[in-house]
Amino acid sequence: MAGVQSHGRARGSTWTWRPVARDALLARAFHSCTELEGRFYLVGGLLEGGARVPSNDTVIFDPARGQAVRLLARGGPLRSHHDAALVGGRWLCVVGGWDGSRRLSTVAALDTSSGVWEVWTAKPANCPPAGLSSHTCTRISDREFRVSGREGGTRTQRRYGSIYTLKLDHSTRTYCYKEEGCHTASRSGHCAALLPTAGPHPGHQLLLFGGCNSVGPEVAGQWSPGKIKEEAPVAPRLTEQLANLVSSGQGLQQGPQSLRHHSCSVVGPFAVLFGGETLTRARDTICNDLYIYDTRKSPPLWFHFPCTDRGLKRVGHRTCLWNDQLYLVGGFGEDGRTASPQVCTLEFFT
């Protein structure tokens, strides 16, 4: 690991991203980053702005040691603007994305036990999207995922976004898409968060943020109390820090407008959004703002925490929750072309 450059604290701010590791293997954007057993699996992405063909490599980052290694596995998929889903605590499934020539809806899976890439096959009942990129794939249970986003290219896309249930079966190495009856606004580069609803008997909602001109989140699924059995990662210290941060801010009914290719992580009752690209400005479009969506009250409130450090501008990055800390991995910086080799953690000042 090379020396880590510190950004320091911006005057008047109450938070920052503190660099904890730096490695050229991590420099990429529009990749996926998935935590499994204390390691982050980075798959594909674009290694530099303007790249036509995405990477097909897999890099494993150990946050405890601050070290990254390339996984020597043949058959890795060429992918960017994809999403990834963990199945059976072992298979890392890459869903959809751009392969350098077209948008896909297929599934490739890394068996993390053997380090071998597998191509899974579609079931006969499969009704796949026309092709996915900059979409989201959210875990509902170990075998069921909710996929949302714009289908096809800019010439063929619909005026609305479709919602699909994707079933992944590691025992048969198969997948199956089923289109749901509801639609959303046409979105691309949005994020999705499965969040608890407020009230004495909380259920869950899948909310979509950004990726179009609207300011409010959109519901892409609702589940009554007890239906979602997934255990969210426990992060008591980070949850408390976020609660303290929002207690110092002014809650708003509306969130960021026209944001895309930002990151989003769920921490307890909060959705934490960072960075991205705004569609409302002609120049200086890449952002370094922190937004927190607080679901503890009804209606939920937005909190906006701007940043003056231009070195923290990011687009096409990922955030990952592990060991009660939120990590920032990759993304292009202020110029929209240079991929960051840094890993940072979200830090607060009291």
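Every read-out reported here was derived from the displayed coordinates using simple, explicitly stated rules and does not represent laboratory data. What you see is a predicted model; the values in this text were computed from it and never measured. Glycine also receives a Cβ, built like all others from the backbone with ideal geometry; neighbour counts cover every protein chain displayed.
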_Total formal charge among the other residues, if their Cβ is under 10 angstrom from that of Phe332, Lys/Arg +1 and Asp/Glu -1_ = 0
*Counting Lys +1, Arg +1, Asp -1, Glu -1, what net charge surrounds Pro202 among other residues with beta carbon under 13 Å of its beta carbon?*
+3
*asked:* With a cap of 11 neighbouring Cβ atoms within 10 Å, and only residues DSSP puts in a loop, list the chymotrypsin sites (Phe, Trp or Tyr not before Pro) found in segment 274-350.
replied: Phe349
*segment 34-91: which GluC sites (Glu not before Pro) are DSSP loop and have at most 14 other beta-carbon atoms within 10 angstrom?*
Glu37, Glu48
*Between the DSSP loop rule and a limit of at most 11 other Cβ atoms within 10 Å, which trypsin sites (Lys or Arg not before Pro) in segment 254-350 are left?*
Arg281, Arg283, Lys297
*Per-residue ellipticity at 222 nm for the chain, helices alone: DSSP H runs ≥ 4 residues times -39500 (n - 2.57), over residue total, nearest 500 deg cm²/dmol?*
-1000 deg cm²/dmol
*So which cysteines in the chain don't have a second cysteine's C-beta under 4.7 Å from them?*
Cys33, Cys93, Cys127, Cys137, Cys176, Cys182, Cys212, Cys287, Cys307, Cys320, Cys344
*Kirkwood Rh, the chain, all Cα pairs: how many Å?*
20.3
